Amino acid sequence: MQRFLGRSTAAPASERKPRQAQTDDTVLTELVESRELVEKRMEHLQRKLQMEIEQAVAHKNANQKKLAIGCLKRKKMIEAEIDSLIEQRFKLDSHELTLQSLRFTENTFAVERRATQAIRDRLRAMGGADAVEESRAETEEAFEDAYEILGIAAQTISHPALGGADDEELLAELIQMEEEQAQDDAANELSYVELGGSSSSQPYLRLPDVAKTLPSRQQRDKKQQEEERELAELEKLTATMAIEQPMPMLGAAATMVVEPPMPMLGLAAPRMITACA
């Protein structure tokens, strides 16, 4: 078919874009070169204009009016060309600026189109706004069901062995048991029993256990330490007052003329002391 119809003149988009870029670059290069030529031409005309002005002044001073008028005419022509060159340079600048702006806008627009297409593809993959809203509703429903199940799992169960009693009834039962135990303890302390192996039927009051009423070893040691400390203080006080302390009298108490005894704390029996000579 290509042999009979010939090749297609339309190039693919991927090929047209580099060609368009090359064309733009060529045009921009030509615009820059044309502007440079215009500027050089303007500089040349400015020099010629200055020369014509100087010659016109010189011819006027030499009373050569026709030559002076010819210089002025050429001056007018040069000024007109300079004005035309200024307009041409403005047009070249406008074309260059417009083309560069279009190229920049084209690149930006291409990026925007690709970004828009990427957004559409992402939305299509997510199923759209309706799908997202439906998924959010399903998530909320799943949370509600989950917390409902957790609440059911946290509820207490009624065991058959408890007989349907709740926590308040069990606490009341515990308080009642404590009261009954306290009453039984009080009754046991005041109970009367008969003497074992005795013919007498006279009851007597149960006495507390002697072992329980005796002081412990730690208490006895503490009491002994207190007594020793008091004796040491007493001896120190006796030595300070120059009072001689007699030996303790064992057995029957001896009568002596004594001064009023000093109070002795924690001693088992009072001791008598005599005054020093």
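Only the coordinates and a few stated rules stand behind these numbers; no lab work does. Keep in mind the model is a prediction, meaning the values are calculated, not measured. Cβ sites come from the backbone with ideal geometry, for glycine too, and all protein chains shown count toward neighbours.
Give me Ile86, Ile152 sorted ascending by neighbouring Cβ count inside 10 Å, so fewest comes first. If you can, show how the numbers build up before the last one.
Values: Ile86 11, Ile152 8.
Final ranking by Cβ density, sparse to dense: Ile152, Ile86.
Once the other residues with Cβ under 15 Å from the Cβ of Lys73 are scored (Lys, Arg +1; Asp, Glu -1), what is the net sum?
So the surrounding residues net to +4.
Using only C-alpha positions, report the orientation-averaged shadow area of the convex hull of the stretch 15-130, nm², one decimal.
It is 10.8 nm².
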